[in-house]
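Before any comments, here is the structure.
The values are calculated or read from the model by the stated rules, or taken from the named source; none is laboratory data. As the structure is a prediction and not an experimental result, all values here were calculated from the model. Heads up, the Cβs are rebuilt from the backbone with ideal geometry, glycines too, and the neighbour counts pull from every protein chain shown. Surface accessibility is based on the protein's heavy atoms, side chains included, excluding ligands, DNA and RNA. Shrake-Rupley method; radii C 1.70, N 1.55, O 1.52, S 1.80 Å.
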Amino acid sequence: MKFSLIIIFCVIATAATYAQTSDAEADAIAHLLGVQKREVISRLVPVKGKDSVAFWKIYDEYQTSNKMTTKARIKLYEKTALSYSNLTPAIADSLANRYFVNRLEQEKSMETYYKKIKVATNAVVAFEFYQAEAYLLTQIRASIMNQIPTYGQLQSVAKR
């Protein structure tokens with residue numbers, strides 16, 4: 001599982017370092033991320049039998065429904081990195097608000113699909129899904145934040 005997480009982190013970190021990610025590149029990154037996430041989820045949500053069929057059908061729907069949110073997040077990381085050279089209060093506010101919207105969309109989607117999985121399987125499987133997704137999203141975000149300096153860190157280095 002650690003290897004899969006490392007691959008996910010590397011893909012996202014690499015994407016965040018390239019300027020002008022095209023839609024095709026963002027699609028490819030989102031697809032690779034989805035494939036890697038599915039592998040990790042299969043280890044974190046040990047669903048069996050008829051519940052397995054229902055779970056994976058709904059999980060695939062979840063991945064598809066989140067593709068635009070994932071692409072938007074990739075583009076937002078890129079926009080953030082590109083904005084560091086000319087960060088104004090208005091740009092900073094715009095970026096923060098876009099991050100809030102993106103995170104809220106992701107959380108709403110997790111809640112929607114938690115409910116669908118609970119109805120199709122049971123609350124334990126749905127909770128495992130929620131925990132696994134929350135864990136992965138936290139790990140991915142933390143990895144990105146560890147690899148991309150904050151604006152304040154860059155300012156401190158520039159003052160030296």
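For the reader, a short list of remarks on this structure follows.
- Gyration tensor verdict on region 44-117 (Cα atoms; rounded if a/c is under 1.5, prolate if a/b is larger than b/c, oblate otherwise): prolate
- Principal-axis analysis of the Cα atoms of the chain puts helix 67-83 at an angle of about 20° to the longest axis.
- Calculated mean residue ellipticity, 222 nm, the chain: -29500 deg cm²/dmol, from DSSP H runs (n ≥ 4) at -39500 (n - 2.57) each, averaged per residue and rounded to 500.
- FRET efficiency for LEU44 and MET145, using Cβ-Cβ distance with R0 set to 22 Å, rounded to 0.05: 0.50
- Degrees, to the nearest 10: 123-147 long Cα axis against longest axis of the chain: 20
- The residues LYS75, LYS37, LYS67, sorted by heavy-atom accessible surface at 1.4 Å with ligands and nucleic acids left out, run LYS67, LYS75, LYS37 from largest to smallest.
- Remark: the chain carries a charge dipole of roughly 240 debye about the Cα centre, counting +1 on each Lys and Arg Cβ and -1 on each Asp and Glu Cβ.
- Only protein atoms count toward the accessible area here, which uses a 1.4 Å probe; on the chain, the carbon and sulfur part of that area reaches 61 percent.
- Cα-centre dipole for region 110-159 with unit charges at Cβ (Lys and Arg positive, Asp and Glu negative), debye to 20: 120
- Above-threshold pairs, the threshold being 21 Å between Cα atoms, out of LYS37/LYS79; LYS79/LYS108; LYS67/LYS108; LYS50/LYS108; LYS50/LYS71; LYS57/LYS116: LYS37/LYS79; LYS79/LYS108; LYS50/LYS108; LYS50/LYS71
- Mean accessible surface per residue for the chain, computed with a 1.4 Å probe while every protein chain stays in place, in Å²: 58
- Bins of 5 Å from zero: percent of alpha-carbon pairs in the chain: 1, 8, 17, 20, 18, 14, 9, 6, 3, 2, 1, 0, 0
- Probe 1.4 Å, all protein chains present, accessible-area order of MET145, MET68, largest first: MET68, MET145
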